[in-house]
Amino acid sequence: MLSLFILFCVFSCTRGTRPNIVLIIADDLGWNDVSFHGSGQIPTPNIDALAFSGIMLQNYYVTPICTPSRASLMTGKYAIHTGMQHTVLYGAEPRGLPLTEKLLPQYLKELGYRTHLVGKWHLGSYKREYLALNRGFDTHLGFWTGKIDMYDHTTQEKGSWGFDFRRGYQVAHDLFGVYATDIYTDESIKIIKSHNKSSPLFLTVAHSAVHSGNPYEPLRAPDALVANFSAINNRQRQKYAAVLTKLDESVGKVVETLQNEGMLQNTIILFSTDNGGPAAGFNDNAASNFPLRGVKNTLWEGGVRGVGVLWSPLLTQKARVATQRVHIVDWLPTLLSAAGFNLGTLHDLDGIDQWEALSEDLKSNRTTLVHNIDDIFGSASITMDEWKVHKGTNYNGAWDFWYGPSGRDAAYDAAAPGRARAGRAARALGLMPADDTVAQLREAATVQCGNHEPAACRPLLAPCLYNIEDDPCETRNLADKEPEVLRRMLDELERINRTVVPPSNKELDPRGDPKYWGRVYTNFGNYLPDLAAISKPSSKTTQYHSVNSFFDIFLPS
């Protein structure tokens, strides 16, 4: 009776109000790094609690690297349609996500949402107009570029080095030395506690974890926490485990605060990685995508099949493994649909509204996925129905393999999610399943490769074809056995390629080097005169100012 009363309150008390929306984005998290996917090596009880009491997105796809995924999330468009498909943005690169694109927080502000970004931006910082505060967010505490050291908040990029942490536009020197995950957690809690409940909340917590930092010490976490993982043989994996544990703790504290503030019953939480994990030393990191093939920035499943959880009391069918196919571009229309936005006003999106399909456990309308098309790298991959095609590959195939650890031999405590902060909050709403159900759900979410006779793929020589539903680990290339399917896939790939916007990448501008700006990455484009105007001859002289003289005048060393 008590559970029925709680559920009655959840739905009756929130009817007619817009839901709070909380996005929690992990950076570079591997498929096998959450313990609800079958590995017991690194316990993630809070993330697991959301998974088991919400929806585990078993067929969830992201793009293979950071900037394209964040662009897709914020615009509802494939990165190939915004020019963001090739590699990532750099702090000295004079570009950003095109200003013609309207972003998710801008739509939500039209519905009365208060919008906050905590953590990573990475969609352009060349000029103020590209920054989060001018793209729909009311507040931002965090960093602008692609990665930072977890303690000193500096980053090394392409031969440059500088500090990158901001409170709004102001450099947050006062936070130097504070562990980044703790900063994000504390700021998120502060935002939730101070939120005026007369307006709905949109909070994006874009973590640094588990991205590697600077080369001198890529993975950093409190020593005492690292020591808890001494049973792991690999030292970098030990550190990775500690970094991930801090992330999991943050998830729990955010969920707990939402519950304490009486907001959780009307909240949608999306937990997502931005891309597959950098395994086996890729990017100086130690993620695991086992048993999936490939790593971050490859188009194999290990690079594009992402960890994802959708959680909300507003979902009708919860505590299940969702087999609906979902792409990161779908979140913009899906979350806007849940918030009551008129989707008929949206145009030219690649994303589709999946709210009803996911909530009611109905068939998804998504049959095709564009993983990426990168004509600079010479790699492309799409999935149609059960078929996936690879044309070309990245890194000349150096990262086209399978990497551990598996972690499946480690014991798992099915009661741990229920004891975690997020689990206790879910249980207070009557949503946390029993321990035996947890065990069953975890088994269902553990990918099995199946018994397939291997058939080699050499994507630099010829396209490869996989039945991805039957062979999720991409071990049996069926290109020779299914020539008609292959031709159909390649025809579709060619059709999509005709819609591609050229990559917007630009050469790094030496004027953006933080050595010219007090060793801080900044929106340098706002502080520079127009070089075209400087170079234009005056009516009284035919001499031109050189770029070198510009540096001498405006940029003291």
Members of region 366-420 found to be of a type in the set (D, E, K, R) and in a strand (DSSP E or B), listed by number: ASP374, LYS388, LYS391
Which numbered condition LEU441 misses (of (1) out of contact with any Ser or Thr (no Cβ under 6 Å at 6 or more places or on another chain); (2) open to solvent by less than 50 Å² (accessible area, probe 1.4 Å); (3) farther than 30 Å from THR87 by Cα; (4) not in a helix (DSSP H, G or I)): (4)
Among (1) of a type outside the set (Val, Ile, Thr); (2) closer than 15 Å to PHE271 by Cα; (3) surrounded by fewer than 24 Cβ atoms within 10 Å (Cβ to Cβ), the one test that LEU73 misses: (3)
Which numbered condition PHE401 misses (of (1) in contact (Cβ under 8 Å) with a residue 60 or more places away in the chain; (2) buried (at least 19 other Cβ atoms within 10 Å of the Cβ); (3) of a type outside the set (D, E, K, R)): (2)
Odd one out for GLU256, checked against (1) closer than 24 Å to ALA338 by Cα; (2) more than 17 Å from the chain's Cα centre (by Cα); (3) buried (at least 23 other Cβ atoms within 10 Å of the Cβ): (3)
Test result for GLN324, assigned to a loop (DSSP other than H, G, I, E, B) and either surrounded by fewer than 22 Cβ atoms within 10 Å (Cβ to Cβ) or in contact (Cβ under 8 Å) with a residue 24 or more places away in the chain (or both): no
Selection count, region 52-97, where residues are of a type in the set (A, V, I, L, M, F, W, C) and in a helix (DSSP H, G or I): 7
Residue match in region 488-496 (condition: aliphatic (A, V, I, L, M) and not in a helix (DSSP H, G or I)): no
Contacts under 9 angstrom Cβ, first residue in region 345-365 being closer than 11 Å to THR334 by Cα and among the hydroxyl-bearing types (Ser, Thr, Tyr), partner modelled with pLDDT of 95 or more and outside any loop (DSSP other than H, G, I, E, B), 6 or more apart: SER359/ILE55; SER359/LEU310; SER359/ALA338
Residue count, region 123-133 (criterion: touching a helix residue (DSSP H, G or I) at 6+ places or on another chain (Cβ under 7 Å) and either open to solvent by less than 10 Å² (accessible area, probe 1.4 Å) or among the small types (Gly, Ala, Ser) (or both)): 2
Any hit, region 202-224, residues being open to solvent by 60 Å² or more (accessible area, probe 1.4 Å), farther than 30 Å from PRO105 by Cβ and not in a loop (DSSP other than H, G, I, E, B): yes
Out of GLY136, GLY168, GLY119, sole residue that is surrounded by fewer than 18 Cβ atoms within 10 Å (Cβ to Cβ) and on the phi > 0 side of the Ramachandran plot: GLY168
Subset tally (residues that are within 17 Å of GLU93 (Cβ to Cβ), open to solvent by 40 Å² or more (accessible area, probe 1.4 Å) and not in a helix (DSSP H, G or I)) for region 502-519: 7
Test: THR185 is touching an Asp or Glu at 6+ places or on another chain (Cβ under 6 Å) and within 27 Å of ALA71 (Cβ to Cβ): no
Residues satisfying the stated conditions in region 255-302, i.e. part of a helix (DSSP H, G or I) and in contact with a strand residue (DSSP E or B) (Cβ under 8 Å, 6 or more places away or on another chain): VAL255, LEU258, ASN266, GLU301, GLY302
Criterion (over 27 Å from PRO200 (Cα atoms), surrounded by fewer than 23 Cβ atoms within 10 Å (Cβ to Cβ) and not charged (D, E, K, R)) met by exactly one of GLY340, GLY407: GLY407
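The values are calculated or read from the model by the stated rules, or taken from the named source; none is laboratory data. Small disclaimer: the values here were computed from a predicted structure and weren't measured. Please note: Cβ atoms are built from the backbone with ideal geometry, for glycine as well, and neighbour counts cover all protein chains shown. Surface areas here come from the heavy atoms of the whole protein model, side chains and all, with no ligands, DNA or RNA. Shrake-Rupley method; radii C 1.70, N 1.55, O 1.52, S 1.80 Å.
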